[in-house]
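Below you'll find the structure, written out as structure tokens, and then a few comments.
Every number in this text was worked out from the coordinates using simple rules, so none of it is lab data. Quantities reported herein were computed from a predicted structural model and do not represent experimental measurements. When we count neighbours, we look across all protein chains shown, and the Cβ atoms used for this are built from the backbone with ideal geometry, even at glycine.
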Amino acid sequence: MILAPSLLAADFGNLQQAVEMVNASEADWFHIDIMDGVFVPNISYGMPILSVIHKHATKPLDVHLMIIDPDRYISTFAKLGSDILTVHYEACTHLHRTIQAIKAEGMKAGVALNPHTPVALLEDVIQDIDVLLLMSVNPGFGGQSFIENTYKKVRQAKALIEQVEAHALIEIDGGVSLKNAKALVEAGADALVAGSFIFNATNPTQTIAELKKTVL
Ligand code: DX5
Ligand code: ZN
């Protein structure tokens, strides 16, 4: 299982320290949430913060764009060191073109689905994508409760991927904790994002190790 701590829940006054904690931990990727205040009702952080993260990070950067019209920024995010660039299905009129543009910039392409968006809508692009991100909360904020319907969507995503022998990884984002990590992986999830559960813990490094161990 790939574990991607979300830096949205980190202490931005000590960002370098948070990045170094993740570097030294058993975590696999950095999950970076970019919000524009339009696609979602919140504004997180943008390019200057991403460049600081990139400067210190020694693990892949998994960048989750919660922005409208993401095509405008694909090359900017490539230059800022993004390894995986995930856009929302709901924000892309020409999703196929957007996916190709991400890959043309040398990044892995991810597509995220809001909790209300059916997995079946990805049928015609599933073979083109590297990551299928299922939102298990409504995007915009950390610290929300996990939506139980996600398990069903993980099983549907897994079936869709196997049916056409696609290679996309299934990533789950929102409300992930030790309560649901094991069941999510058993349902077919390959990657888990966790923000507040890690950064609000007394010992984040140990919490990362516990999450990794629970699904070995
Ligand atoms: C929510 C973000 C998540 C968020 C997860 O819009 O996409 O990545 O940081 O935070 P937790 O794990 O606290 O739900
Ligand atoms: Zn996210």
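If you go through the range 71-98 and keep only what is outside any helix (DSSP H, G or I) and either touching a helix residue (DSSP H, G or I) at 6+ places or on another chain (Cβ under 7 Å) or of a type in the set (Lys, Arg) (or both), you end up with 80, 81, 85, 87, 92. Scan the range 99-143 for residues that are loosely packed, with under 15 Cβ neighbours inside 10 Å and not in a helix (DSSP H, G or I) and the total you get is 7. Remark: pairs (first residue in the range 106-135, farther than 19 Å from residue 62 by Cβ and touching a residue at least 12 places away in the same chain (Cβ under 8 Å); second residue assigned to a helix (DSSP H, G or I) and of a type in the set (Asp, Glu); Cβ separation under 7 Å; 6+ apart in sequence or on different chains) = 117/90. Taken over the range 156-187, the criterion of being among the acidic types (Asp, Glu) and either more than 16 Å from ligand 2 (Cβ to nearest atom) or surrounded by fewer than 17 Cβ atoms within 10 Å (Cβ to Cβ) (or both) is satisfied by 162, 165, 186.
Does residue 152 qualify as being basic (Lys, Arg), farther than 23 Å from residue 65 by Cα, within 16 Å of ligand 1 (Cβ to nearest atom) and not in a loop (DSSP other than H, G, I, E, B)? Answer is no for this residue.
Residues in the range 14-70 that are surrounded by fewer than 21 Cβ atoms within 10 Å (Cβ to Cβ), part of a helix (DSSP H, G or I) and either in contact (Cβ under 8 Å) with a residue 60 or more places away in the chain or touching a Lys or Arg at 6+ places or on another chain (Cβ under 7 Å) (or both): 21, 23, 24. Residues in the range 182-192: is at least one touching a residue at least 40 places away in the same chain (Cβ under 8 Å), of a type outside the set (Phe, Trp, Tyr) and farther than 15 Å from residue 135 by Cβ? Within the range 182-192, one or more residues are touching a residue at least 40 places away in the same chain (Cβ under 8 Å), of a type outside the set (Phe, Trp, Tyr) and farther than 15 Å from residue 135 by Cβ. May I ask you to say which residue of 130, 190 is of a type in the set (D, E, K, R), more than 15 Å from ligand 2 (Cβ to nearest atom) and in contact with an Asp or Glu (Cβ under 9 Å, 6 or more places away or on another chain)? 190 is the lone residue from the list that is of a type in the set (D, E, K, R), more than 15 Å from ligand 2 (Cβ to nearest atom) and in contact with an Asp or Glu (Cβ under 9 Å, 6 or more places away or on another chain).
In the range 1-13, of all residues being within 12 Å of ligand 1 (Cβ to nearest atom) and not small (Gly, Ala, Ser), the one that is surrounded by the most Cβ atoms within 10 Å (Cβ to Cβ) corresponds to 5. Which residues, taken from the range 19-46, are in contact with a helix residue (DSSP H, G or I) (Cβ under 9 Å, 6 or more places away or on another chain), under 18 Å from residue 80 (Cβ atoms) and of a type in the set (Gly, Ala, Ser)? Listed by number, the list holds a single entry, 44.
Counting only residues that are within 11 Å of ligand 1 (Cβ to nearest atom) and touching an Asp or Glu at 6+ places or on another chain (Cβ under 8 Å), which one in the range 31-51 is farthest from residue 77 (Cα to Cα)? Within the range 31-51, the match that is farthest from residue 77 (Cα to Cα) is 39. Scanning the range 176-189 for residues that are farther than 27 Å from residue 210 by Cβ and either in a helix (DSSP H, G or I) or of a type outside the set (A, V, I, L, M) (or both) turns up nothing.
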